[in-house]
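Okay, structure first, notes after.
Just so you know, all these numbers are worked out from the coordinates, no wet-lab data involved. What you see is a predicted model; the values in this text were computed from it and never measured. Because the Cβ atoms are built from the backbone with ideal geometry, glycine has one as well, and the counts that use them run over all protein chains shown.
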Amino acid sequence: MTRYGLLCLLLGVLAWGQAASTKPSSATQKSAPTAAAGQQSAAPASKPAENPAQEASSTPPDAPVITIPGLCDHPPADKTATSSCTTVITRAEFEKLIDSIQPSMPQRSRKQFATRYANALVMAEKAEQMGLDKDASYQEHMKLARIQVLSQELNKALQEKAGQIPDKDLEDYYHSNAPKFEQADMERIFVPKTAQLPPDVKLSDEELQKRNKESETAMKAEADKLHTRAVAGEDFNKLQAEAFQAAGITGSAANASMGKIRRNTLPPTQVSVMDMKPGDISSVIVDQNGNFIYKIKAKDTMTLDQAREEIRGTLRSQRMQDSMKAIQDSATPTLNESYFAPPPAPTLQPKPGQSAKPKPTDPDD
């Protein structure tokens, strides 16, 4: 069985949830004496490490970590003879396979993977012995596997290229998008849109609509009163507590402090508060969630070093999207809509003894 076929089988057995990025390295096939089955294997780890390679560093790269007696690519012609073939996979080969499938696989998962991989190798050889690699179904699976592997290799290559961002590009983006990196130390008063309905009160739908409309008007009036007091210099925490009390909310901490906030963390209806100066208090901002009053205590801007990784991630994502769009736009598929159209809705069949046509109405009836 080809390497792609084995990989396809392996991923089906493992269901790791991540398709392979490249084909696995070939297992080292050796015609070994009986003692080969007892060669050294990788020592299991007592607990997982953040870097799996560090935990296995005591095992030399050429040391066997998987040994499969009786498995070889070319079994003896005499089926009754005992095979002395042994497949040995070294640490270097195994880690190359891991890197091609899931480089971040934790150490605790590698033993399970190794067991299933070895089982998949045995199953693959058996499938070849049965001639399953000659079936048309296998050939179609191989075509799909090749397409999948190549498309994911392309995706990996594009990701690596998109991540190669010069420092100058980071600096240019930072200076061109300075408002994105502004931070404001804020306080906020939130006045719910409507007061909570007591749990023991039951209303009809019509009564509930009327009650909510009246409550919405009352809570907006309450927000206006709190805004006047906020502008007069009253403490925001105290005003927030009164807002919750007016809304019938109990048990919630009335903390008006929001800490440092940036534009991208605010809803679109409220992002304009970032344009205020320290000491400014916003008007009452009304949206579908309620009434909001903001106060800017202080403002500053993130430094380039603080924003560097965020900018790198933004540019990497943009460049990846641009690369994928360019590739997809280079060849747009056209589908035969008559073939792919949904099947017509089934027609209702008349019940036995019932006429398919409706009975005409007698005008004298």
Practice item. Could you tell me the distance between the Cα centroids of the range 114-136 and the range 264-327, to the nearest Å? Key: 54
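Between Gln209 and Asp280, what FRET efficiency comes out of the Förster formula 1/(1 + (r/R0)^6) with R0 = 56 Å and r the beta carbon distance, rounded to 0.05? Working shown, then result.
Working: r = 37 Å, r/R0 = 0.66.
After rounding, the FRET efficiency stands at 0.90.
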Exercise for review: Would you mind calculating the gained length between Lys126 and Gln328 on full extension (0.36 nm times residue separation, minus the Cα-Cα distance), in nm to one decimal?
Suggested key: 68.7 nm
Study note, to complete from the structure: Restricting to Cα pairs under 8 Å and 6 or more apart, the percent relative contact order of the range 169-263 works out to 48
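Rounded to a whole number of µm²/s, how large is the Stokes-Einstein D of the range 181-303 at 37 °C and 0.692 mPa s, given Rh as the Kirkwood radius over C-alpha pairs?
Answer from the Stokes-Einstein relation: 213 µm²/s.
For the ranges 201-207, 259-265, what's the packing order if you count other beta-carbon atoms within 10 Å of each residue, average per peptide, and put the highest first?
In descending order of packing, they fall as 259-265, 201-207.
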Check your understanding: Once the Cβ-Cβ distance between Glu171 and Gln139 is put in as r, and R0 is 45 Å, what FRET efficiency do you end up with, to the nearest 0.05?
Key -> 0.30
Practice item. Could you please report the charge total around Arg188, scoring K, R as +1 and D, E as -1 over all other residues with beta-carbon less than 12 angstrom from its beta-carbon? Key: 0
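For the cross-link pairs Lys111/Lys143; Lys193/Lys238; Lys213/Lys295; Lys202/Lys238; Lys156/Lys325; Lys193/Lys213, which exceed 21 Å when the distance is taken from alpha carbon to alpha carbon?
Lys111/Lys143; Lys213/Lys295; Lys202/Lys238
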Check your understanding: Assigning unit charges at the beta carbon (Lys, Arg +1; Asp, Glu -1) and nothing else, what dipole magnitude in debye, to the nearest 20, does the range 181-303 show about its Cα centre?
Key -> 260
